[in-house]
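Bear in mind these aren't lab numbers, they're just calculated from the coordinates by the rules spelled out. What you see is a predicted model, and the numbers here were worked out from it, not measured in a lab. So basically every Cβ, Gly included, is an ideal-geometry build from the backbone, and we count neighbours across all protein chains shown.
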Amino acid sequence: MNKYELLHHDCTKWMESRAENSIHAIVTDPPFGLIEYTGKHLEKMRVGRGGVWRLPPVLDGCERKPLPRFTVLSEAELTNIRDFFEVWGKLALRILVPGAHLFIASNPPLTPFLSIGLISAGFERRGEIIRLIRTLRGGDRPKLAEHEYQDISVIPRSCYEPWGLFRKPISEKRVSQNLKRWKTGGLRRTPDSKPFPDVLKSEFPLKEEVNIAPHPSLKPQRFLRQIVWTSLPLSEGIVLDPFMGSGSTIAAAEALGYKSIGIEIDNEFYKMAKTAVPRLMKIRAEWESFETANNKHKLPSLHQATNLIPKKTRKNRKKGRNSSS
Ligand SMILES: C[S@@+](CC[C@H](N)C(=O)[O-])C[C@H]1O[C@@H](n2cnc3c(N)ncnc32)[C@H](O)[C@@H]1O
């Protein structure tokens, strides 16, 4: 029996009608520039005419995927991002249980606008997960003067993707009480019981994943399974991805045995998710964080991880170590 539900919907409408306090985590990769996934720009991307989608040149005989260019956004569009995430954040807060976490993909120049919107909505900002990934963003020489200014790049070459980490404030006095009442408030430790780190090594999705789900913003299973893993501290409750694209978050949740709901507004991407989720969830993905990268001891795959720590040991772990709210 599947533990997931996929919906073809506008997430804002769906969130308005969802019961309050009924979701335990949100893990999502939104259209953070807001305009790149609108009909007009998607149409341009699909016919290869650009718009906000930069069409990188063919390099070394390899055709690169289109990338959205966020540096072209105007001041008004940036203010719009902040306003959108304030409204969206209020909808999210209503349906999340107290202490639930929101993991939200972003982009270095846009993070402040998205964060201010979410904080104004009422979220606590708890930090940021850094996904170490070298993309094609940034590092370009000045446009139309590439030869004159050969030794200059306009912005740095991007080597990371920030994922904002937010929490709906807890309703109880202590995290332990919140965990008891709502099953939320903290983060699940790694399979070998280390604190979840805020830097994760990553890579582009495997070729196999891209073949299954050719979405322009596909995220790799290995990375997503780590984020989804930690999002439910007691592995109980429902994970929501309101901007699911090809359903990669939902596949990660299903692979871990978590309940999840994915929402997608675009019919082509929704159909892609329906076929991709059952296949993506079968991809093998090993745990690999920045902290464990140099360890000789290799952690087991996430398929086996649930059984790694005996339940009793987890429950009996000494209280009071590194306690915080
Ligand atoms: C950045 S992509 C997510 C891709 C996803 N990470 C993956 O691996 O496939 C954002 C998705 O949100 C969808 N979207 C945009 N606005 C939406 C809305 N209001 N409700 C639901 N989905 C929406 C877009 O069509 C797009 O597929």
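Ordering Val97, Val199 by the number of other Cβ atoms within 10 Å of each residue's own Cβ, fewest first, gives Val199, Val97. Going from the residue with the fewest nearby Cβ atoms within 10 Å to the one with the most, Tyr149, Tyr4 rank Tyr149, Tyr4.
Look at the Cα gyration tensor of the stretch 179-295: its axes a ≥ b ≥ c give a/c of at least 1.5 with a/b at or below b/c, and that counts as oblate.
Legend: calculated FRET efficiency, Lys173 to Lys194, from the Cβ-Cβ distance at R0 = 30 Å, rounded to 0.05, equals 0.65.
Separation of the stretch 126-175 from the stretch 216-249 is 20 Å, based on Cα centroids. For the stretch 70-166, the set of trypsin sites (Lys or Arg not before Pro) satisfying both a DSSP loop assignment and a count of at most 15 other C-beta atoms within 10 Å is given as Arg134, Lys143, Arg157.
List the GluC sites (Glu not before Pro) within the stretch 126-203 that DSSP assigns to loop and that have no more than 12 neighbouring Cβ atoms inside 10 Å. Before the final figure, lay out the partial values.
Details: sites: Glu128, Glu146, Glu148, Glu172, Glu203; in loops: Glu146, Glu148, Glu172, Glu203.
In loop regions of the stretch 126-203 (DSSP not H, G, I, E or B), the sparsely surrounded GluC sites (Glu not before Pro) are Glu146, Glu148.
Residues Arg279, Arg284, Arg167, arranged from fewest to most other Cβ atoms within 10 angstrom of their Cβ, appear as Arg284, Arg279, Arg167.
Among the GluC sites (Glu not before Pro) within the stretch 215-275, which fall in a DSSP loop and have no more than 14 other Cβ atoms within 10 Å of their own Cβ?
Details: sites: Glu236, Glu254, Glu264, Glu268; in loops: Glu236.
Answer in residue order: Glu236.
Over the stretch 103-254, the ratio between the Cα radius of gyration and 2.2 N^0.38 Å evaluates to 1.24.
Exceedance of the 23 Å cut-off in Cα-Cα distance is limited, within the set Lys3/Lys282; Lys3/Lys183; Lys207/Lys274; Lys168/Lys201; Lys183/Lys219; Lys180/Lys274, to Lys168/Lys201; Lys183/Lys219; Lys180/Lys274.
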